[in-house]
Amino acid sequence: MEIFLDTSKVEEIEKWLNQGIIDGVTTNPSILLKDGSRDLKASAKKIASLIHPRPLSVEVCANDLKEMLRQGREFSSWLDNIVVKIPVINEYGTSCLGVVKELENSGIKVNCTACLSFGQALLAAKAGASYISLFAGRISDEGGDPADIVRKTKVWLDMWNYKSKIIVGSIRTIGDIQQTAAAGAHVLTIPPEFLSKLVDHKYTRFTVQQFVNDGKKALEAEVELVKVAQ
């Protein structure tokens, strides 16, 4: 399983990249706005260069399908590890799968995003998407079971030998991470604060503290024995 970092903060990307944890980065307009990024091209090129050859997902900002295509082609020209995020439908319910197909057929990798159902996921795979983003938190908001959808999608992809990888996004809890990872997600895209929570455990801290203290006592006792022997 791969872990992508869901952020545009360079310092967080560097932190986790240096620890060998992340395999890519995802962004969206909301993340860029929240993180204070105002120049999409400059931010994307900086992150893509930093993590190269790992993938960076950059999302189009349009409802018009022709404009999605134009933006997608432009984004992909910035660096060769940029993956274009195309929503499965636009805000009016119009299918964007034709955009996914056209970009993929021209050699541009697509992350088909904002998928909230098994049906949307299988159609994204049929359209040729390299990645399919299932939004765990938003699935749960509507009473769905994200782990079950991930599991069904993974079984179906394997059964028919599709290339698409499942990305689980919209992480709200550590439970989202653990349950969808166990369900077979290929990729989890995780906000930095949840990685910090995932690595931490108060009893691990307690255990290390105990070992350090006992180790110090053992060393002190050894020193005393040496002094007595002398």
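The values are calculated or read from the model by the stated rules, or taken from the named source; none is laboratory data. Computed from a prediction, not measured in an experiment: that's the story for all the values here. Virtual Cβ from ideal backbone geometry, glycine too; neighbours counted across all protein chains shown. Each accessible area value is taken on the protein alone, full model and side chains, heavy atoms only, with ligands, DNA and RNA left out. Shrake-Rupley method; radii C 1.70, N 1.55, O 1.52, S 1.80 Å.
Brief remarks on what is shown
- Qualifying residue in the stretch 1-22 (condition: assigned to a loop (DSSP other than H, G, I, E, B), touching a residue at least 24 places away in the same chain (Cβ under 8 Å) and either of a type in the set (Lys, Arg) or more than 27 Å from ARG151 (Cα to Cα) (or both)): yes
- Selection within the stretch 35-60 - modelled with pLDDT under 95, in a loop (DSSP other than H, G, I, E, B) and either open to solvent by less than 30 Å² (accessible area, probe 1.4 Å) or hydroxyl-bearing (Ser, Thr, Tyr) (or both): SER37
- Meets criteria (assigned to a helix (DSSP H, G or I) and at negative phi) for SER140: yes
- Residue match in the stretch 64-78 (condition: within 21 Å of HIS186 (Cβ to Cβ) and aromatic (Phe, Trp, Tyr)): no
- Condition met for PHE194 (buried (at least 17 other Cβ atoms within 10 Å of the Cβ), aromatic (Phe, Trp, Tyr) and without any contact (Cβ under 8 Å) to a residue 24 or more places away in the chain): yes
- Scan the stretch 172-190 for residues that are open to solvent by less than 40 Å² (accessible area, probe 1.4 Å) and within 13 Å of ALA136 (Cα to Cα) and the total you get is 11.
- None of LEU123, LEU103 is assigned to a helix (DSSP H, G or I), touching a helix residue (DSSP H, G or I) at 6+ places or on another chain (Cβ under 9 Å) and open to solvent by 50 Å² or more (accessible area, probe 1.4 Å) except LEU123.
- ARG151 meets the stated requirement of being assigned to a helix (DSSP H, G or I), open to solvent by 10 Å² or more (accessible area, probe 1.4 Å), among the basic types (Lys, Arg) and over 30 Å from VAL10 (Cβ atoms).
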